[in-house]
Structure formats: C-alpha cells, structure tokens
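The values are calculated or read from the model by the stated rules, or taken from the named source; none is laboratory data. What you are looking at is a predicted structure, and each value in this text was computed from that prediction instead of being measured. For neighbour counting, all protein chains shown are included, and Cβ atoms are generated from backbone atoms with ideal geometry for every residue, glycine included.
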Amino acid sequence: MNRYIIYFSLFLLLIISYSCGSAKLSTAEQQYDRGEYFAAATTYRKVYNKTSSTKERKLKGEIALKAARCYDKLNMSTRAVSSYQNALRYDPSDSTIVIDIARNLHKDGKYRDAQKFYIAYEARFGQTPASKNGLEGVRLAAQYKENKTRFIVKRAEILNQRRADFSPMIFNKDEGYIYTTSSNDKNLGSDKSDITGLKPSNIWVSKKNEKGVWQKPEIVEGDVNSEFDEGTPAFSPDGNTMYFTRARKAPESPTSTEIFTATRSDAQWGSAKKFEITRDTLSVFAHPAVSPDGQWLYFVSDMPGGYGGKDLWRVSLTGDSKGIVDNLGDQINTGGDEMFPTFRPDGTLYFSSNGHPGMGGLDIFSAREDEWGFWHIENLGYPINSNADDFGMTFFDKEEEEGFFASNRNDGRGYDHIYSFLRPSIKVLIQGQVTDHDDEPIPNAIVRVVGRDGSNHKIVTRVDGSFETKIDRGTHYVMMAGAKGFLNDKEEFRSDPEEEDATYEVNFRLASITKPVLIENIFYDFDKATLRPESETALNELIAILNNNPTVRIELSAHTDMIGTEDYNQRLSQRRAKSVTDYLTANGISANRLVPVGYGLSKPKEVDKKINEKYPFLPLEQLLTPEFIETLQDEEKEIANQINRRTEFQVLDIDFGIE
C-alpha cells in the first residue's frame, strides 16, 4: 500500500472513472496525470513492449522512465530499478535517472550497488543533498546491521489482513484497543483505486479478550469511515477525541487531503468534522498526532514555509496561543519527506523520514527537545529500520519500549504490515552521596542530572545523603548538587554506549556557607610562602567551586603551628594566604571576590569528628592550643602542629556583585 499516494495527493488528482481500453500512450499519459499509477504502469509496460527500440529510441526511453516513476510511487523498487535502467539505456544524460536508480537500490537493500550509482552520480553531476545523504545512508546501514539494537521485532499476524495495514495507534485511555489503517476488501465503497489497485483505506480496531490476547480487527463503526480514504488515527489524552486523515475525492475536483475529528460517546464515535488548521485549501494536511500533554496537534503538510517535500508542523490546541501554527524547523525537517509523527507517553517524538541518512525508504527517528529548544535526533537503527519503509510507531505506557509500527519490508507488492517491537529494558543507573567537607552526609540535598539528549532529572538525597536515578546510555551529563547552607558543586560525565546494565558513581562534597572549609593538600616550601606544584589539584578544585558559585565572596585564610614567634607566624601566614589568592586570580577569579588573611596561630584548629576518628588521642572539640599540644608525646605533637598548619576558606557573601 502506498501511503504517500493515499494521504499526499500532491498532484491535485482528478479522480475520474476511466477505462483503459487498448494500450495507447495517450491512455497511459492520462492515467499518469490523474495519478492512477497502478493502471498507468500496466499501460506503459504494454506500450513499451510495442515501441521500436531503433526507430523510436527516444520515445521508448521516455516510456520506460514514466513506467519507472509509476513503480517508484507504488513502492515497487525492484521493478522501478529495472525500468529506470531501461530508461538510462536510451538517455544516459538524465541525472535524475541515475540518482533514482541509486535510491531504489538503496531501498531494495542492495547497498553496494546503490553506493556505486551514488558515486557515479557525484562523479558526473556533482554532489547534491540527495547523493550526500544516500552515501551516508548506505554507510550507516552496514553499521546498523552489524551493530543491531536490542529491539525484538516480529510480524503481528493477528493485526494484519490480506491487503495493506499500517499506522497502528494504541488507544491511550485503554490499552485494550489498537486502531489500524487497512485497505481490506471489506472496506466501504465498491471500487478499487486505479491509483493503487486496492480499495480505499478505512480505520479498523482490534480488542483484547479477557485473557489479554489481541483479536482480529473489525472495521470501526460510526461516521469515521466512508467511501473515501481514512487513516492514521490519533487520540486526545482523555481518549474522547479522535483525529484522523481523510482524502476526499469528487469528480471534476482535486483530491482534498485533510484532518478530521470525531468525538466519542460511550463506545461509539460520532460525526466526523473537518479540523481547520489554516485557510489553505491547496496543501496537504495529514498524519495527526497529539502531544501527551494535549497542548499541541502535530501534523504533516507541504504548505508554503517548509523545507521541501513534506514537513512536520504543529498547531496549538489550548491557551492564548490556540491556533498558532509552527514548523518544527530544519533540525527535523529536510528537503525530503518527514511524516507519521507519534509520541511515546514520556513525550519523546517519533517520526519517519527519507531526508535524513538512513537504511533506505522511510526510517524511524526519535526526537527530544531540550530546554534550549535544540532537537536531539536519533535513527532507531536495525531491526526497527530496514531498507524498506518503516513508520508509524505507537507505544504502550510501560517502562520498557514496547508497541507496534508498520513496514513494507519483505513484500514485493509494496504492501505495509503491522509489526510488534520490544526492547527489553537495561538498567543504567547513576548513584552517589552528597556530603560536606567533613564527610558528614547532607540529607534533602537537590541533585540535578541534565543530559545533552534533553533529559532532566531532579533527585532529593536520602537521610544518609545518598541518591540514585536512571539515565540513558551513551549520553553526556552535567550534574549539579546543592543544599541549604552550602555552596553548589558540579560534575560532568558520559555514560557508555554499550547496551548492558551499568551503574555509575558520582559523589559530591559541598562547602559550608556558615563555617571555615579546609582546603586539603595545600603545601608550601619549608618556612616560605611559595606554593609547591602538588598544591595545584586542590586549588583547581577551589577554582571550580568559585566558578560554580559566581556570586560568592570568600576569605582565604592561612594558619601556622606554634613554632616561631607570633609576629613571624602572622607575617608568614599572610604571605601564604596571598600566594593562594594570587594563584586564583591568575586563573580567572576576580580579586574582588578574595580576601587573603594570615592568622598565624591565633585560631588553633578545633578537633572535629573526622580528626578524632583518625587520631583518637585528640579529644573531640579540643582546641589545639600550644598549652594542649605541650601535654602530648613528641610524635603526637608533630601531628597536632601539622593539623594547625592549614589553609581554609570562609564564605563572606553569597550575593556579591548582584545589584
């Protein structure tokens, strides 16, 4: 089933009852102009076989090219390649034929042959976006197949009927229903389409029985279906409104591809009404999808203002911005076709595209918008994607990625079928602990984990200061921890891309705002104020703290032991404090934020829990005064003096520079 044709009648087809009669070129041309590609292909093939390859060489090439275009639009890539190659024999100068052969070989999964034609095209006609993306796509296809994802894909036999079935949509309010689009012979209307050779599509529904097993689909009752084409249903978050596509046809009038709505009363869908997006009556409006919060209706259109082909757009459904239409921009939209938007319950957008590099045909991509409005787009890889058209994902509201999508893989007629998918969850965690500089846990601290994929986690630490949250694989994260009475701290890391369980540990030590904080591992030359090289690690950590807290002003204090005179020790400690501030200012910290003070031995260290645990002979809360130190053994005296020789900082102001 060619969903491009059913929902994107871009040629403004005039659907007129027509009998092919004898195989005449004029008949084929009229069928082609009306978009009756199935009938036209048959007629072109008959005319081609009757046309002389010597006397009517140019004409025969043109007929072969028109037949190829028909097969192309019908998704019959193998037949399309054969006809394009016939056309190339008669007109080797047509650059479009070469790129179309490459594209259809790509879509047929013949990547090496496709690569040769892409390269031949660029060598002769120069690089274009199509050839560049094509070469990138065949390269990626090999990688995707070699490094397949953990998705398990199976054909959902119970949901597939004898023709084409596509665009599955789980009914959001009750996961016991799944709606699909089908060209089943039991659909409304009596005529088969000369466009596709199939009956117009209708919307069907499958239900689970009491054992949770899906049943055979039934056509949806009510006013939703008609003798026209209907499909691609989507639902409002409350489940009371259905949005769907209808392609209305009338003699002597262009095909009108529009979005309709129907409301639900009990188990029945009511009258279908056109959903007005703009006053544009010439463009296509199709493939609706409602954001999980109900704020936006996403859709597909070729209306002016796009980037070429079909683009993804959205229109506001609520609030002051109701009715405002936005194009999703060039991060998502390309010069090709972007179609079939759907959402996972967590808000992740999924869509299909043949404009981004892929495995061939339409590939499915995920897209997450971060807080800066940047879209993070990822090809879902193999086996979700294939060399054929893959599109229309729908998800259960579960932790695991599970649901259905459509694909015409392994079908020589180009028919679409419903497939199930499941990606067994892997557990990728980040855990750690938030403590102060005395290694005391900080409960109720806030840890934010922001990923470059657009994710944003907020965690509150437990009583013991610990935290844990799930993250994604292969993502760069920035983490920030903060708590009342403490300065913020920041860490960065990247999770591994491997699809396996993993746990990462990131710990935070927050500096107190209310008491002095020891800067550990600061070393000076003996009896001097010169910083030794091994001090740089600790000083660089202090620089990071100040950069993470740009409105903080601190006192930088140095302290000495009891050896030497009071005056000498005060002057030495002042020079040492100045050495530290000089290092900080040389590395970008404003001097206005730093106050160097030397205290000599005037502020002896008080024994805290950490020191007491390490040196039990030093009583808890004992000031290490000269008088106390004199009571210790010689070895113990040296330890006490060493503890007093320290460099600390104390927060003076947390709003410095704020006017």
I'd like to know if the stretch 182-197 contains one or more residues that are touching a residue at least 12 places away in the same chain (Cβ under 8 Å), within 30 Å of Asp397 (Cα to Cα) and not in a loop (DSSP other than H, G, I, E, B). yes
Restricting attention to the stretch 461-481, which residues are within 28 Å of Trp375 (Cα to Cα) and outside any loop (DSSP other than H, G, I, E, B)? Glu468, Thr469, Lys470, His476, Tyr477, Val478, Met479, Met480, Ala481
Asp91 being of a type in the set (Asp, Glu), out of contact with any strand residue (DSSP E or B) (no Cβ under 8 Å at 6 or more places or on another chain) and either closer than 27 Å to Gly412 by Cβ or surrounded by 19 or more Cβ atoms within 10 Å (Cβ to Cβ) (or both): no
Failed item, numbered, when Val506 is tested on (1) in the same structural domain as Gln433 (by TED's automatic domain parsing); (2) in contact with a Ser or Thr (Cβ under 9 Å, 6 or more places away or on another chain): (2)
Residues that are in contact (Cβ under 8 Å) with a residue 12 or more places away in the chain and of a type in the set (Phe, Trp, Tyr): which helices (runs of 4 or more DSSP H) entirely in the stretch 81-165 hold 1 or more of them? 111-125, 129-146
Residues in the stretch 508-534 that are in contact with a strand residue (DSSP E or B) (Cβ under 8 Å, 6 or more places away or on another chain) and free of Cβ contacts under 8 Å to residues at least 24 places away in the same chain total 2
Residues within the stretch 346-366 that are small (Gly, Ala, Ser), buried (at least 20 other Cβ atoms within 10 Å of the Cβ) and not in a loop (DSSP other than H, G, I, E, B), tallied: 2
Quickly run through the stretch 442-458 and pick out the residues that are surrounded by fewer than 20 Cβ atoms within 10 Å (Cβ to Cβ) and β-branched (Val, Ile, Thr). Ile446, Val450
Odd one out for Asp411 among (1) touching a residue at least 24 places away in the same chain (Cβ under 8 Å); (2) more than 30 Å from Asp489 (Cβ to Cβ); (3) of a type in the set (Asp, Glu); (4) surrounded by fewer than 22 Cβ atoms within 10 Å (Cβ to Cβ): (1)
Kindly provide the set of residues from the stretch 67-80 that are surrounded by fewer than 24 Cβ atoms within 10 Å (Cβ to Cβ) and part of a helix (DSSP H, G or I), ordered by number. Arg69, Asp72, Lys73, Thr78, Arg79
Working carefully through the options Gly485, Gly465, Gly432, find the one that is exposed (fewer than 14 other Cβ atoms within 10 Å of the Cβ), small (Gly, Ala, Ser) and more than 18 Å from the chain's Cα centre (by Cα). Gly485
For the stretch 230-247, give me each residue that is buried (at least 21 other Cβ atoms within 10 Å of the Cβ) and closer than 17 Å to Ser206 by Cβ. Glu230, Gly231, Thr232, Pro233, Ala234, Phe235, Met242, Phe244
Determine which member of the set Leu297, Leu282 is more than 16 Å from the chain's Cα centre (by Cα) and closer than 30 Å to Ala156 by Cα. Leu297
Might you let me know whether the stretch 383-401 holds any residue that is closer than 19 Å to Pro233 by Cβ, in the same structural domain as Asn354 (by TED's automatic domain parsing) and at pLDDT below 90? yes
Residue pairs meeting the criteria (Cβ under 7 Å; at least 6 apart or on separate chains; first in the same structural domain as Gly392 (by TED's automatic domain parsing) and over 20 Å from Ser352 (Cβ atoms), in the stretch 226-238; second among the small types (Gly, Ala, Ser) and assigned to a loop (DSSP other than H, G, I, E, B)): Glu227/Gly189; Ser236/Gly294; Pro237/Gly294
Neighbours by Cβ (under 7 Å, 6+ apart or cross-chain): first from the stretch 347-370, touching a residue at least 12 places away in the same chain (Cβ under 8 Å); second among the basic types (Lys, Arg) and surrounded by fewer than 24 Cβ atoms within 10 Å (Cβ to Cβ): Thr348/Arg368; Tyr350/Arg344
Answer from Asp438, Asp496, Asp501, Asp472 - the residue that is surrounded by fewer than 18 Cβ atoms within 10 Å (Cβ to Cβ), over 21 Å from Val552 (Cβ atoms) and in contact with a Leu (Cβ under 9 Å, 6 or more places away or on another chain): Asp501
Residue count, the stretch 367-416, condition touching a Pro at 6+ places or on another chain (Cβ under 8 Å), under 15 Å from Thr149 (Cβ atoms) and part of a loop (DSSP other than H, G, I, E, B), comes to 1
Across the stretch 50-66, what is the number of residues that are among the acidic types (Asp, Glu), farther than 16 Å from Ser82 by Cα and in a helix (DSSP H, G or I)? 0
